[in-house]
1. Is there a pair in LYS41/LYS240; LYS89/LYS461; LYS232/LYS288 whose C-alpha atoms are over 31 Å apart, and which pairs would that be?
2. Determine the equivalent ellipsoid of the stretch 384-481 by diagonalising the alpha-carbon gyration tensor, then write out the semi-axes as square roots of 5 times the eigenvalues, largest first, rounded to whole Å.
3. What are the ³J(HN,Hα) couplings of the stretch 428-436, residue after residue, when phi is run through the Karplus curve with 6.51, -1.76, 1.60 and θ = phi - 60°? Round to Hz, x for glycine and proline.
4. For GLN202 and HIS412 in one chain, what is 0.36 nm times their gap in residues minus the Cα-Cα distance, to one decimal in nm?
5. How much accessible area per residue does the stretch 4-191 have, counting only protein heavy atoms and a probe of 1.4 Å, in square angstrom?
6. Express as a percent, rounded to the nearest 5, the fraction of DSSP beta bridges in the stretch 195-337 (both residues included) that run antiparallel.
7. Whenever you get a sec, compute what percent of the accessible area on the stretch 405-466 sits on carbon and sulfur atoms (1.4 Å probe).
8. Beyond a 20 Å Cα-Cα separation, which of these cross-linked pairs lie in this structure: LYS450/LYS474; LYS434/LYS474; LYS241/LYS302; LYS205/LYS249?
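The values are calculated or read from the model by the stated rules, or taken from the named source; none is laboratory data. Predicted, not measured: the structure shown is a model, and the values here were computed from it. Please note: Cβ atoms are built from the backbone with ideal geometry, for glycine as well, and neighbour counts cover all protein chains shown. For the accessible areas, the whole protein counts, side chains as well, though only heavy atoms, and no ligand, DNA or RNA atoms are used. Shrake-Rupley method; radii C 1.70, N 1.55, O 1.52, S 1.80 Å.
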Amino acid sequence: MHSLTKLLSIITTNYPNAPQAQLNEVERAYAFAELAHQNQKRASGTEYIQHPLGTAEILAESKLPLPIIMAGLLHDVPEETKFTLNDIKKEFGADIADMVEGITKVGHVKYRGINRYVENLRKMFVAMADDVRVIIIKFADRLDNLQTLFVLPANKQKRIALETLEIYAPIANRLGMGDLQGRLEDAAFKYAYAEQYQWVDQLFKQRAPKKEQTLDRMLELAQKALKKENIKIKNIFGRKKRYYSLYRKLLKYDKNINQIYDIIAARIIVDDISACYAVVGIIHALWKPVKGRIKDYIAQPKPNGYQSLHTTVFGENGEIIEFQIRTMEMDEQAELGIASHWKYKETVPTSDKKIVWIEDLVKWMKSQQDKNFLEKIKIDIFQNRIFVFTPNGDVIDLPDGATPIDFAYHIHTGLGDKCGQVLINNEIAPLDFKLRNGDIVKIILDKNRKGPSAKWLSFVKTSTARHHILNYTKKTGWKRFLPLSK
Ligand code: MN
């Protein structure tokens, strides 16, 4: 059972300095939602308000700012009650109303004749480019809905679960929100792949108890050794691998659980980076490291920004145990992703203006050290990237102002060279058309075309397109026709 009391206690635990005035606002949002959903029941038979409350609790657990939590409380009001978006705007202001509108929209875009998977992916990306907070609330909404998925018919359960695993969780991963990703995956796993879930559950329960015992003993020994060397431990504990993540790893390792060393791993949180390296040395003095299993994700973070030191050792009782060593900041970054950025900004982040917020996000993303990170996730430059779709539903991201020619060259040189006509959302458009978020772009080939037109250079945006067009013109010697200005 969810309750306002529980919600407020999560918030005050995460934000001990939250001003009373802001807590009052959360209470006011709750009271409004409760009134609006009065006498409504969910399919599971519980009071409707349990769902927005559950959603808000998840957001609070993820340490998100209070306005996002308020939007979570209000997210189903315009859709499910007689109160409108305008009522929310009057009561709680434009920013919260905008978020609620975003959530309603994400749930509402009509089909355009392509399958549901593609359509959902499209909605998510479009909404994400607009305001990433909407996506995060949608994650929490989905996670809460998964808790009562058992009331739905089996085919619906499966569809929602697969959608969660294939669309929601990967986006959470890209946003670095490991905790939310893991919760979404584990809640969906048993509905998407029931047999495999049982299998993993069995394997885990066979292996875990002995490992857990050994690990407890090793954590004790490690703690003593670290104390002796004057290393201050912020936290030390055993963490269990989540089932879906274990499942994926099992598939990678021939389904052999004995090849997987981190079903339960030791995690040690210390003050700073030099302490992290010192801890590895001390652990290796206690137990012999397994060759080739030392991973320095501090010097070389994973593509989504994950940082930590990992090492695997031959531990007590013949058990092979993995240690994960990191700072508090790295730990919060790994679990909370974007939310950890809000947390360090001020005691109670307000994120009042969307523009400011997106700028902050961009800064935060740029501060990530791994250059590939920016390359790979592509949501770094929100303000000047757009997401468009191929007719098959693949998402292509391009700079703002990109044209169908840029799109064509992005996909394949041949497609650019022989580009004849373009359909945008099934309608003919000019080749210098400025693409918009969510457009479905279909290039029609002109088989008689010998190569690109030099005219295209006057409007293409990407270096890929420019490069191919210039190359062609050089080869064919029609350089003299190039516009002088470019
Ligand atoms: Mn909902």
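1. LYS41/LYS240; LYS89/LYS461
2. Largest first, the stretch 384-481 gives 22, 14, 11 Å.
3. Values per residue, Gly and Pro as x: 4, 9, x, 5, 9, 4, 7, 5, 10 Hz.
4. 70.9 nm
5. On a per-residue basis, the stretch 4-191 sits at 40 Å².
6. Details: 17 of 23 bridges.
Percent antiparallel among DSSP bridges in the stretch 195-337 is about 75.
7. Carbon and sulfur: 50 percent of the exposed surface of the stretch 405-466.
8. With Cα atoms farther than 20 Å apart: LYS434/LYS474.
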